Structures are given as C-alpha cells and as structure tokens.
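Colleague: My questions will all concern the structure given below.
The values are calculated or read from the model by the stated rules, or taken from the named source; none is laboratory data. Everything numeric in this text was worked out from a predicted model, so none of it was measured. Backbone-built Cβ (ideal geometry, glycine too); neighbour counts: all protein chains shown. For the accessible areas, the whole protein counts, side chains as well, though only heavy atoms, and no ligand, DNA or RNA atoms are used. Shrake-Rupley method; radii C 1.70, N 1.55, O 1.52, S 1.80 Å.
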Amino acid sequence: MSETGALPLEAIQSEAEPEPKRVHPFWMTLRRLFRHRLFVTGLILFGIIAFMAAAAPWITDINPNRLSMRNKFLPPGGDFVLGTDNFGRSLWSRVVWGARLSVIIGVSVVALNAVFGTLIGALAGYFRRLDNVLMRINDALMAFPAILLAIGVTAMLGPSTANVIIALGIVYVPRTARIVRASVIVLREMEYVQAAVAAGAGHWRILRRHILPNAMAPMIVQLSFLFAYAVLSEATLSFLGLGAVPPTPTWGNIMAEGRDFMRDAPWIIAIPGVTLMITVLGLNMLGDGLRDVLDPRLRIQQ
C-alpha cells in the first residue's frame with residue numbers, strides 16, 4: 001500500500017482480473033476436433049458402421065448364410081428389409097456381418113502399421129546406419145502399385161481373412177514407416193533432443209520419451225486414411241475371389257455374387273456398394289479433420 005493509502009495498480013488489476021485457468025493440450029485438441037464440421041460428419045458416418053459391426057448379433061437374428069431358395073431375389077421391403085440375394089439369404093444380415101469383418105480387418109491392418117511402421121520408421125530415422133538398408137527395402141515394396149502387390153501376396157498365400165490382413169500389412173507398413181522416418185529425422189536435430197544426448201540419455205529413452213510422442217500427429221492422420229484403404233482393399237480382394245472364402249459375408253463377396261444379376265436384382269450389388277462408400281467417405285473425412293487440427297502448418301495458415 002502506498003503512502004496515500006491506495007493499493008498499487010498491479011494489485012488492483014490482479015484482484016479484478018484473475019489469472020485464466022490453463023487447459024491441458026489434449027482437451028484443447030479434442031475441443032478443436034469437435035468444432036471441426038468435417039471431422040464430426042466423418043465420425044457420425046463411421047460411427048454408424050462401427051455400431052453395426054459391434055452390435056451385429058443383436059440387430060439381426062438371421063443367420064447370414066441361411067439359404068432359402070423360395071425367397072430368392074426378393075426386393076427390399078416386407079420381411080426382408082434390404083431384400084435377398086440369389087440364394088434367398090437376407091441381404092441386411094449379410095451386410096451387417098460384413099461390416100463386422102471389414103472393421104476387424106481395418107483395425108488389424110492399422111495395428112500392424114502402428115507397431116511395425118513406427119518401429120521401422122523410428123529405426124531408419126534415428127540410426128543413420130540402418131536408414132539406407134531399411135529404406136531401400138521400403139522403396140522396393142512401394143515400387144509396386146498397392147492393390148497389385150496385395151493381389152500377388154494373397155494369391156501366393158491363398159484366400160483367407162488372415163492372409164488378407166498379412167497382405168495389406170505388407171503393402172501399407174512401408175508407407176507408414178516413411179512418414180514416421182521423416183518426422184524422426186526432423187525431431188532428432190531439435191535442441192531438446194540434443195540436450196538429452198548431452199545429458200547422457202540412452203538412444204531408446206530418447207526415442208521413447210522425446211521423439212516418438214512428438215511424431216504421433218502425422219502417424220495418427222496416416223492411420224486414419226489407412227483404415228479406409230484397408231477396408232476398400234479388402235472389398236476389392238474379396239470381389240476378385242482372393243479375400244475371405246465364400247460364403248463368409250463380406251461386402252466384396254456380396255458384390256461379387258451379385259454382379260451376374262445387376263439387371264434383375266441391382267440391390268444385391270448396390271446396397272453393399274453404398275455401405276462401402278459411406279464407410280470410406282466417413283474415414284476420409286475423419287482423416288481430413290485430424291490433419292486440419294493436428295498439422296501445425298495448417299493451423300498457422302488458418
């Protein structure tokens with residue numbers, strides 16, 4: 001207090017304007033995501049498909065492989081909401097169970113990329129002696145078009161769900177590894193990493209504590225797009241007869257069986273095709289929203 005009995009200006013301002021509470025970066029990022037219209041739209045679209053996949057046993061009580069020849073080629077409506085196929089099987093049940101298999105394959109491929117793509121990219125980006133060897137192998141795999149390489153791997157291993165996951169992992173892991181490697185190369189030259197090296201921190205501790213957490217943003221965006229690629233590639237392989245063995249209900253198998261009846265029963269191929277389109281569209285919107293929010297360069301431009 002001054003000689004005149006008045007409070008200092010700083011004290012008055014501190015009493016009138018309390019210091020704002022600090023918000024954790026995670027909650028700030030989450031708030032920006034849910035304010036992003038593209039992200040929210042993609043989340044809703046993919047959420048519908050994910051709910052169908054998770055609740056398949058409860059939202060349909062019809063065996064997707066049960067034959068009923070007297071009910072074949074029934075159009076949508078009545079007892080069969082989405083109609084029936086050429087064997088009288090419920091298209092609603094087959095599409096719902098196909099959603100479950102597509103989500104399982106997408107999650108499996110994303111998990112493979114998250115583990116092996118991150119590991120290969122981190123090793124190549126941080127240890128310069130390994131960079132040339134690992135990246136040349138990556139380049140050799142990326143030289144082939146993705147779907148052709150997947151077709152070649154599944155043709156060699158044989159048609160099955162597990163082999164589809166392995167094939168798609170071989171196809172997409174090099175792409176994730178290259179993105180992680182690019183981030184690690186930039187981060188290893190940062191001052192805080194150099195300070196950790198000077199302080200005597202081990203290589204694995206630096207990778208685990210300082211580099212990989214800061215390389216997560218581009219990898220998360222990449223994985224969201226890979227989910228869409230995996231779902232679409234699985235449908236393509238199943239359509240070509242290289243995916244899950246029929247009569248396993250997958251969207252690709254359903255469309256492959258319905259292509260001979262496009263004129264007489266177009267719903268057999270149209271309904272799983274629309275479901276596949278909604279899934280891929282929702283995942284791409286999710287990826288675009290994540291990229292807009294997590295990429296610092298785009299945030300600066302905005």
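Colleague: Which one of 247, 213, 233 is farthest out on the positive end of the charge dipole of the chain, using unit charges on Cβ (Lys, Arg +1; Asp, Glu -1) and the Cα centre as origin?
Modeller: The Cα lying farthest towards the positive end belongs to 247.
Colleague: Per-residue ellipticity at 222 nm for the chain, helices alone: DSSP H runs ≥ 4 residues times -39500 (n - 2.57), over residue total, nearest 500 deg cm²/dmol?
Modeller: When only DSSP H runs of four or more count, the value is -21500 deg cm²/dmol.
Colleague: With every protein chain left in place, what is the accessible area per residue of segment 185-302 in square angstrom, probe 1.4 Å?
Modeller: Value returned for segment 185-302: 50 Å² of accessible area per residue.
Colleague: Would you grab the residues whose amide H sits under 5 Å from the one on residue 84? Only those 5+ places off in sequence or on another chain, please, with H modelled 1.01 Å from N.
Modeller: Those qualifying (amide H under 5 Å, at least 5 residues apart or on another chain) are 73, 74, 91.
Colleague: Separate question: Would you work out the relative contact order for segment 125-268, in percent, from Cα pairs under 8 angstrom that are 6 or more residues apart?
Modeller: Rounded, it is 26 percent for segment 125-268.
Colleague: With Rg and the Kirkwood Rh both taken from Cα atoms, where does Rg over Rh land for segment 180-302?
Modeller: That ratio equals 1.24.
Colleague: Could you please report the charge total around residue 285, scoring K, R as +1 and D, E as -1 over all other residues with beta-carbon less than 12 angstrom from its beta-carbon?
Modeller: 0
Colleague: Please give the length that would be gained between residue 34 and residue 146 if that part of the chain were fully extended, namely 0.36 nm times their separation in residues minus their C-alpha to C-alpha distance (nm, one decimal).
Modeller: Going from the current span to full extension adds 37.0 nm.
Colleague: Using 1/(1 + (r/R0)^6) with R0 = 35 angstrom and r between the beta carbons of residue 115 and residue 65, what's the FRET efficiency to the nearest 0.05?
Modeller: The calculated FRET efficiency here is 0.55.
Colleague: What's the carbon and sulfur percent of the chain's accessible surface, probe 1.4 angstrom, rounded to a whole number?
Modeller: That fraction is 65 percent.
Colleague: Could you calculate the FRET efficiency of residue 48 with residue 26 from 1/(1 + (r/R0)^6), where r is the beta carbon distance between them and R0 is 25 Å, rounded to 0.05?
Modeller: 0.45
Colleague: How would you classify segment 86-148 from its alpha-carbon gyration tensor, with a ≥ b ≥ c the square roots of the eigenvalues: rounded for a/c under 1.5, else prolate if a/b is greater than b/c, otherwise oblate?
Modeller: The shape class here is oblate.
Colleague: Go through 146-152, 32-38, 99-105 and give me the packing order, highest mean Cβ count within 10 Å leading.
Modeller: Result, highest mean Cβ count within 10 Å first: 99-105, 146-152, 32-38.
Colleague: Can you tell me the mean projection area, over all orientations, of the convex hull of the chain's alpha carbons? Units nm², please.
Modeller: Average projection, Cα convex hull of the chain: 24.7 nm².
Colleague: How large is the Rg to Rh ratio of segment 194-245 when both quantities use alpha carbon positions and Rh follows Kirkwood?
Modeller: Rg divided by Rh gives 1.38.
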